[in-house]
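Each reported figure results from applying straightforward, stated rules to the coordinates on display, with no laboratory input. Note that this is a predicted model, so its numbers are computed, not measured. Cβ: placed from backbone, ideal geometry, glycine included. Neighbour counts: every protein chain shown.
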Amino acid sequence: MKDILKECIKGKKTSYTPIWFMRQAGRYLPEFREIRKENPDFIKLCLNPDLVNEITLQPLKRFKIDAAIIFSDILMIPYGLGQKVEFKKGIGPVLESFDLEKIVNTNPTEFIQKLSPIYQGIEKVRNNLKEKNLIGFVGAPWTLLVYMLNKESPKKSFDFIKINKDKSLTNKLLKKLQEFICLHIDKQIEAGADVIQIFDSWAGLLPKKELPNYCYIPILKIVEHVKSKKIPVICFPKGIGESYVDFCSVVKPDCISIDYDVDPEWIKKKLKGLPIQGGLDPKILLTDKENIRKNTDKYLNIFKDYPYIFNLGHGVLPEIKPETIQYIIELVRNKK
């Protein structure tokens, strides 16, 4: 069934539970590691249409999954806006200081030109992808703002007060990010993406009272833009706990992706039919088969007869074995 993912997102009954994995194209696959070895510059790799095509399709050659997600990175937007971004081994992303005026005055044509290899990669994937959905994605304004101002992953150090101090800077940047996120989405759709996912990976860093300003409202504007294109949109505001309910009532995504701290029973009751994706803790995939089966079954049983897409509560970890992914796919496919 070609559009099973989209059918599920529309809330329609599907003949089986659709399944794909965040970070399914990547570092846990030996064939990806081979390419990575020969391409140490991660940004350049994301700007190589032939390799983007090859990497995106690698998991689909191995596994019976229902969608491809384009191999790229949320930090391609700061890169497109002229901020230098590097990925350092053992450290992660490192961003240089930027000139706000320069970013505010970025010409959309220049931005598209810088990122055009991504769109060429999507076109190639679309041409090679038979009977499957192709997910394009973006980082949410808040998550991108965190990286741009923090200049590294907030895992290591993060101070909300410092980031929130210069309101004029953050508001200007959020507005600009919204505009260019929508532009990046448009180009992905034009190239062949037929589902969009918005990752707010660091939404959980926000104090609850700041969620509307930094998370809900900026994402709502992007969701409305995507819906105007008649393309389904999945949101993943990771780490916001009980605020998932408020997020959904304000933002109204077509589908909500839950992280592993969200109680699936609770959210199912609260969301009253809004399609749900994900939830399983990726760390469970590092345990034994029986534990993996028990936890996979838990999600499948809770969401039986509910519009649900099987996925993890975050991305596939580098240490996870491809055989484990295969095992989960079989569990999901064989579930009656």
task = Quick one: which residues, 5+ away or cross-chain, put their amide H under 5 Å from the amide H of Q197? H built at 1.01 Å from N.
result = G136, F137, V138, I234
task = For segment 241-308, run through the trypsin sites (Lys or Arg not before Pro) and keep only the ones in DSSP coil with at most 13 other Cβ atoms within 10 Å of their Cβ.
result = K272, K304
note = Computed ³J(HN,Hα) along segment 243-255: with the Karplus parameters 6.51/-1.76/1.60, θ = phi - 60°, integer Hz and x for glycine or proline, the list is 5, 3, 5, 4, 3, 5, 6, 7, 7, 6, x, 6, 8
Alpha carbon centroid spacing (whole Å) that separates segment 263-292 from segment 192-255 = 19 Å
remark   = Here the gain from full extension of R36 to E86, 0.36 nm per residue of separation minus their alpha-carbon distance, amounts to 16.5 nm
remark   = Counting Lys and Arg as +1 and Asp and Glu as -1 over every other residue whose Cβ sits under 10 Å from the Cβ of E86, the net charge comes to 0
request  = Sort segment 4-161 into rounded, prolate or oblate with this rule: let a ≥ b ≥ c be the square roots of the eigenvalues of the Cα gyration tensor; rounded if a/c is under 1.5, and if a/c is not under 1.5, prolate when a/b is larger than b/c, oblate otherwise.
outcome  = prolate
query = With labels modelled as points extended 7 Å from the Cα through the Cβ direction, what inter-label distance (nm, one decimal) is found for Y16 paired with S97?
reply = 5.5 nm
key: Contour minus Cα-Cα distance for K172 and V245 (0.36 nm per residue)   = 23.5 nm
Per-residue HN-Hα couplings for segment 30-39 [Karplus 6.51, -1.76, 1.60; θ = phi - 60°; Hz; x = Gly/Pro] = x, 5, 6, 4, 4, 5, 4, 4, 7, 10
Computed label-point distance, nm, for sites F160 and Y327 using a 7 Å Cα→Cβ extension = 3.9 nm
ask   = In terms of modelled amide H atoms, which long-range or inter-chain residues lie less than 5 Å from the amide H of Q277?
value = I256, S257, I258, I309
query = K130 versus D261, label points 7 Å from Cα toward the beta carbon: distance in nm?
reply = 4.4 nm
query = What 222 nm value per residue comes from the helices of the chain, counting each DSSP H run with n ≥ 4 as -39,500 (n - 2.57) and dividing by all residues, nearest 500 deg cm²/dmol?
reply = -14500 deg cm²/dmol
inquiry  = Using Cα-Cα distances under 8 Å and only pairs 6 or more residues apart, what relative contact order does segment 90-240 have, in percent?
reply    = 31 percent
inquiry  = Taking amide H atoms as placed 1.01 Å from N in the peptide plane, list the residues 5 or more away in sequence, or in a different chain, whose amide H sits under 5 Å from that of I69.
reply    = I135
inquiry  = If neighbour count is taken as other Cβ atoms inside 10 Å, put S201, S15, S249 in order from fewest to most.
reply    = S15, S249, S201
query = Can you give me the relative contact order of the chain as a percent, contacts being Cα pairs under 8 Å and 6 or more apart?
reply = 21 percent
